[in-house]
Amino acid sequence: MISVEPMLLVQNIVNGVFMGLIYSLVALGLALIFGVMDIINFAHGDFVMIGAYLTFLLATTLLVDPTLTAFITMPLFFVIGVAVYKGIIERVLGAEPLIQIAVTVGLLMVLRNLALMIFKAEPRGVPFTVFGFPINVGPITIAASRLVAGIVSLVALFLVHMLLTRTKWGIAMRATADDREVAELMGINVKKVYAVTFGLGISLTALAAALIMTFSRADPYLGLLYGLLSWVIVAMGGLGGVIGVLASGLIIGVIEAIGISVVSAGARELFIYLTFFLILWFRPRGLFGRR
Amino acid sequence: MAKPNKILGIPRRNFYGIIVFALILSTVPALLRFNTYYVYLATDIILIASLVAAWNIIGGYAGQLDLAASAYMALGAVVTGNLLAFYGLTPWLGIPIGVLIALGVAVAVGYPTFRFGIKEVWYALLTAALVVILSRIYWLIYGSTETYLPTYEWSWFYLRFNRYEPFYYMLVVMLAIVLWINYRIRHSKLGYYLNAIREDELAAEALGIDVRRYKLYALMIYATLASIIGGIYVCITGVVGYRNFDPWLGITTAVMGIVGGLGSVEGAVMSGMILRTLEDYLRGTIGSQYPGSHLLVYGIILIVVGVLKPEGLASLIEYVKKRIPWLKS
Amino acid sequence: MPKTVLRVVDVVKRFGGIVAVDHMSMEVYENEILGLIGPNGAGKTTLFNCITGVYRPDEGDVYFMDEKITGLPPHVIIQKGIARTWQKVRPFKKLTVLDAVTVGALLRIPDVDSAQEKAKEVLEFVGIEKEKWSRLGSEITLIEHKLVDLARALATEPKLLLLDEVAAGLRPHEMDRLAKVLLRIRDEKKITMIVVEHVMRFVMGLSDRIVVMHQGRKIAEGSPQQVASDPKVIEAYLGTKPL
């Protein structure tokens with residue numbers, strides 16, 4: 001029997017909760033794109049990876065904290081997202097899932113290998129951040145960087161929730177998600193909504209990447225990890241909106257933490273993907289309902 | 001009923017096509033002057049072409065975007081490799097055992113997956129996750145140490161040689177067999193049913209097709225072929241480890257199948273051979289300066305094919321066929 | 001007394017809070033064409049899906065040739081001899097016309113060559129010209145789609161054929177062509193049919209008997225003339241749109 005130090009487990013679970021918040025942030029972009037546009041984007045995780053490298057470049061060139069680079073990378077990624085939408089995605093709207101998957105896998109290979117060409121597979125970390133200190137709460141230690149990342153993610157999730165429920169754009173997005181034809185009849189410019197949705201989804205990955213870089217390193221292989229992870233969360237969260245994504249992200253973060261504590265760090269993916277299998281088999285509509 | 005227009009259950013022209021294709025491929029090592037490196041590359045290309053042709057059964061015929069080709073291939077490889085390395089068991093027995101284990105995994109995963117109606121993006125993700133899961137499980141059992149197979153100068157019993165030619169010819173035979181199975185399926189009830197499932201599951205079911213059962217058949221045939229290819233592969237490389245469970249190989253196999261045009265095994269084989277040759281060529285030239293650049297080209301091809309020509313290479317082949325009358329049946 | 005082919009007994013199907021089919025009962029007799037009509041949302045297609053196994057009814061039962069078939073999966077139901085066509089054509093786009101019909105024929109004839117012969121026979125019967133047989137599903141017109149759909153179903157050698165709005169979207173002369181084929185199916189192949197239809201001229205001229213559904217229930221039944229003059233039917237239709 002594997003014995004687990006209870007305090008260590010609690011410590012890992014607390015870390016898992018904060019990681020879960022970041023996962024939710026990444027997955028939210030994917031959930032928006034999939035939910036509103038019905039586009040299957042396999043390249044989502046690779047935008048996180050590119051964002052991480054970009055954060056590294058900007059932070060070390062401008063000598064600013066990685067978190068601050070988000071003010072540059074988010075608008076930039078929005079533009080890139082719109083450009084990718086116009087150049088590629090718009091042409092496969094409504095195409096067979098297989099074609100969408102093929103095209104976004106192509107996009108993924110381009111992004112990933114661009115990173116490989118430029119950075120030669122070397123992981124890069126930003127050597128400084130103002131949030132490098134630990135915070136002790138009783139016996140639990142939390143790295144300030146993770147705390148900040150978690151809180152910022154939560155705020156961002158809240159803002160997107162407000163955007164979706166309270167603004168004209170958000171209502172247009174939800175109307176388009178419900179029924180594209182009806183939305184068009186209501187006078188919504190669907191193509192424009194799609195472009196903005198894709199841009200927004202991609203720019204959220206830039207924010208997540210900036211946060212991740214305060215405690216982790218950029219690595220070309222981040223793409224596959226975050227890509228699959230986001231899909232697992234979307235499968236779990238279904239179309240349960242921001243709340244569904246948040247809850248699923250937290251569950252995944254905690255499951256991962258338990259996997260690390262009980263078996264080993266190498267088992268984290270094992271636990272996540274086994275959960276994925278079980279969710280698809282037994283709750284194919286997600287924990288919070290899906291179409 | 002006698003069918004004079006068929007040989008071994010496939011149309012005459014397909015049968016001769018396979019024979020001619022295999023004979024042409026057989027001349028390649030001589031054309032390469034038996035240069036070790038080039039024959040190695042040629043072996044690699046035939047291996048990938050066989051794998052893509054096997055994938056065509058689940059991906060092209062049944063229309064399920066399976067990304068786990070490398071999982072079944074790796075199961076064949078690690079079982080065959082470890083049995084040979086630790087127990088001295090000949091691959092001639094090791095490969096069948098590997099096939100049984102790959103089949104077990106295929107059924108264990110495929111049965112519930114098809115039972116619960118998981119398809120399209122979710123099937124693709126599930127199979128991509130399968131590769132990672134198996135890789136982690138292998139890693140938990142064996143760690144990151146790799147197993148090296150014993151070396152023999154020239155042993156048909158242990159399938160180990162100090163040259164690549166025997167493997168090359170073995171894989172040409174394998175490719176021919178995989179092609180034959182593809183044609184055999186296409187011209188049987190199974191093939192018609194798989195195609196109907198690919199086009200419209202609900203309509204297929206309403207015509208009396210037990211969709212789950214036929215999907216599972218396709219998955220089992222594909223897993224069997226992929227694991228045999230894996231068993232041969234391990235004898236070529238002489239080493240196995242958790243890295244055999246490579247998610248990228250699973251994805252690129254599907255990519256080649258898609259570029260080849262779904263359902264067309266000729267397109268799949270062509271695309272596998274062309275893309276792998278291009279990949280090897282680019283890796284040898286610009287790839288050494290810019291790692292990853294060969295795969296970058298891959299990505300661009302995929303986007304262009306997906307956006308402009310979703311029918312893939314197969315439509316090009318059709319185009320040529322229509323213009324060369326004697327290629328028509 | 002004609003033989004009953006299909007018996008629907010008290011079938012209920014709900015979706016969330018909505019009752020799509022509400023204690024529906026009806027009988028279909030051997031070798032008749034039964035028209036099933038009703039305003040939009042009357043539950044006709046849902047009833048079809050309950051009979052063919054796409055949905056499992058929440059209550060009630062379906063009997064085919066006195067055998068209970070409630071809740072059986074679609075591929076088993078067609079084995080018993082109930083075939084259907086779809087409201088929106090569901091073509092096999094990348095298969096040729098001949099191959100698509102062969103898929104249907106393979107249900108009873110496992111040998112591909114013999115199944116293909118059977119498919120040719122059926123294609124000839126529904127009147128699709130030989131030169132169209134090698135066309136892909138994506139390359140034919142709507143009426144041809146409808147006929148291929150019909151041929152696919154006929155090739156499974158059904159005893160009962162369910163047609164879901166076959167005439168929708170067709171021009172008048174195409175409807176006449178289709179109606180002739182359906183009458184030949186009844187008279188030459190002795191196949192019983194249920195025809196769900198919105199095009200009144202088509203269904204009234206074709207059917208031996210009519211069942212009218214409204215809000216998930218049967219509100220009238222009888223000959224086309226009886227039904228057309230039934231005040232309940234007129235009211236149901238006028239409540240939504242005129243006949």
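Only the coordinates and a few stated rules stand behind these numbers; no lab work does. Just so we're clear, the structure is a prediction, and the values are computed from it rather than from any experiment. A quick note on method: Cβ atoms are made from the backbone with ideal geometry, for glycine too, and the neighbour counts reach across all protein chains shown.
Shielding by partners for B:65-78, please: the mean number of other protein chain Cβ atoms within 10 Å of each residue's Cβ.
Details: counts 7, 0, 3, 0, 0, 0, 0, 0, 0, 0, 0, 0, 0, 0.
Partner Cβ neighbours, averaged per residue: 1.
On a full-extension model of 0.36 nm per residue, what is the gain between residue C:215 and residue C:18, subtracting their alpha-carbon distance, rounded to one decimal in nm? Walk me through the intermediate numbers first.
Values: separation 197, 0.36 × 197 = 70.92 nm, distance 1.03 nm.
Contour length minus Cα-Cα distance gives 69.9 nm.
I'd like the orientation of helix A:241-262 relative to chain A: the angle between its Cα long axis and the longest Cα principal axis, in ° from 0 to 90, rounded to 10.
The angle comes out at about 30 degrees.
Using the Kirkwood radius over C-alpha pairs as Rh, can you work out the diffusion coefficient of region C:83-157 via Stokes-Einstein at 10 °C, viscosity 1.306 mPa s, in µm² per second?
Details: Rh = 11.8 Å.
The calculation lands on 135 µm²/s.
Using the alpha carbons of region A:191-237, what is the convex hull volume per residue in cubic angstrom, as a whole number? Please list the in-between numbers first.
Details: hull volume 4.5 nm³, N = 47.
Per residue, the Cα convex hull of region A:191-237 comes to 95 Å³.
Quick one: compute the contact order of chain A, relative version, from alpha carbon pairs under 8 angstrom and 6+ residues apart, as a percent.
38
With +1 on each Lys and Arg Cβ and -1 on each Asp and Glu Cβ, and nothing else charged, work out how big the dipole of chain B is about its Cα centre, in Debye to the nearest 20. Display every interim value, and only then the final one.
Details: 25 positive and 17 negative charges, 176 e Å.
Roughly 840 debye, rounded to the nearest 20.
Please list, by residue number, everything in region A:106-143 whose backbone N is under 18 Å from a paramagnetic label point 7 Å out along Cα→Cβ of residue B:290.
A:106-122
Which lysines have a Cα lying under 25 Å from the Cα of residue A:192, excluding residues fewer than 8 positions away in the same chain?
Residue A:192 reaches A:86, A:168.
Within region A:137-231, which chymotrypsin sites (Phe, Trp or Tyr not before Pro) sit in a loop by DSSP and count at most 15 neighbouring Cβ atoms inside 10 Å? Mind showing how you got there, number by number?
Details: sites: A:158, A:169, A:194, A:198, A:215, A:221, A:226, A:231; in loops: A:215, A:221.
Hits after loop and neighbour filter: A:221.
If I fit a long axis through the Cα atoms of helix A:190-212 and take the longest principal axis of the Cα atoms of chain A, what angle between them do I get, 0 to 90°, rounded to 10?
The angle comes out near 10 degrees.
Which one of B:236, B:57, B:133 has the biggest mean-square fluctuation once chain B is modelled by GNM with Cα springs under 10 Å?
B:133
Can you give me the Kirkwood hydrodynamic radius for region C:146-219, using every pair of distinct Cα atoms, in Å to one decimal? Could you put the intermediate results ahead of the total?
On the way: mean 1/r = 0.0767 Å⁻¹.
Value: 13.0 Å, from the Cα pair sum.
Which of rounded, prolate, oblate describes region B:77-202, given a ≥ b ≥ c as roots of the alpha-carbon gyration tensor eigenvalues and a/c under 1.5 marking rounded, otherwise prolate only if a/b is larger than b/c?
Details: a/c = 2.86, a/b = 1.43, b/c = 2.00.
Oblate, because a/c is 1.5 or more while a/b does not exceed b/c.
Separation between the residue C:180 and residue A:151 pseudo-spin-labels, each 7 Å from Cα along Cα→Cβ, expressed in nm?
Those two pseudo-labels are separated by 8.1 nm.
Roughly what angle does helix A:6-37 make with the longest principal axis of chain A, taking Cα atoms, 0 to 90 degrees, to the nearest 10?
Helix A:6-37 sits roughly 10 degrees off the main axis of chain A.
Who wins for biggest fluctuation among A:154, A:204, A:30 in a Gaussian network model of chain A, springs between alpha carbons below 10 Å?
A:154
Taking every pair of alpha-carbon atoms in chain C, what share in percent sits in each 5 Å bin, from 0 to the bin with the longest distance?
Answer for chain C: a P(r) of 1, 7, 14, 18, 19, 17, 12, 8, 3, 1, 0 percent.
Within region B:6-327, what is the number of lysine pairs with alpha carbons under 22 Å apart, leaving out pairs fewer than eight places apart on the same chain?
Values: B:6/B:189; B:6/B:321; B:119/B:215; B:189/B:215; B:309/B:321; B:309/B:322.
Summing the qualifying lysine pairs gives 6.
If exposed GluC sites (Glu not before Pro) are those in a DSSP loop with at most 16 other Cβ within 10 Å, what is the longest stretch of chain C that has none?
Working: sites that count: C:30, C:32, C:129.
The longest uninterrupted stretch comes out as C:130-243.
Tell me the volume per residue, in Å³, of the convex hull enclosing the alpha carbons of region A:56-194. Spell out each step's value before the answer.
Values: hull volume 25.1 nm³, N = 139.
Convex hull of Cα atoms, per residue: 181 Å³.
Distance cut-off 22 Å, Cα to Cα: go down the list A:191/C:88; C:146/C:232; C:94/C:120 and report the pairs above it.
Working: A:191/C:88 27 Å; C:146/C:232 32 Å; C:94/C:120 19 Å.
Flagged as over cut-off: A:191/C:88; C:146/C:232.
Please list the equivalent ellipsoid semi-axes of chain B, computed as the square roots of five times the alpha-carbon gyration tensor eigenvalues, in descending order and whole angstrom. Don't jump to the answer; show the numbers that get you there.
Details: eigenvalues 170, 124, 90 Å².
Equivalent ellipsoid semi-axes, largest first: 29, 25, 21 Å.
Would you work out which of C:86, B:208, B:15 lies farthest towards the positive end of the dipole of the protein assembly as shown, given +1 charges on the beta-carbon of Lys and Arg and -1 on that of Asp and Glu, about the Cα centre?
Sorting the options by dipole projection puts first B:15.
Taking only the alpha-carbon positions of region A:58-140 and ignoring solvent, what does the Debye formula give for the base-10 log of I(q)/I(0) at q = 0.14, 0.22, 0.24 Å⁻¹?
Log-scaled intensity ratios, in q order: -0.75, -1.13, -1.19.
Give the residue from A:161, A:119, A:99 lying farthest towards the positive end of the charge dipole for region A:79-185; charges sit on Cβ (+1 for Lys and Arg, -1 for Asp and Glu) and the dipole is referred to the Cα centre.
A:119
When only Cα pairs under 8 Å and 6 or more residues apart are kept, what is the percent relative contact order across region B:66-169?
Values: 80 pairs, mean separation 36.7, N = 104.
Contact order relative to length: 35 percent.
Using a basic spin-label model with each label point 7 Å from the Cα along Cα→Cβ, how many nm lie between residue A:135 and residue C:67?
About 6.9 nm separates the two model spin labels.
With viscosity set to 0.890 mPa s at 25 °C, what whole-number translational diffusion coefficient in µm²/s follows for the protein assembly as shown from Stokes-Einstein and a Kirkwood radius over Cα pairs?
Details: Rh = 29.8 Å.
Rounded, D is 82 µm²/s.
Can you tell me what the convex hull of the Cα atoms of region B:28-133 projects to on average, as an area in nm²? If you can, show how the numbers build up before the last one.
Details: hull surface 34.3 nm².
Its Cα hull, projected and averaged over all orientations, spans 8.6 nm².
Amide H of residue B:64 versus every other amide H placed in the peptide plane: which residues, excluding those fewer than 5 positions away on the same chain, fall under 5 Å?
Excluding prolines and chain starts, which carry no amide H, the hits are B:59.
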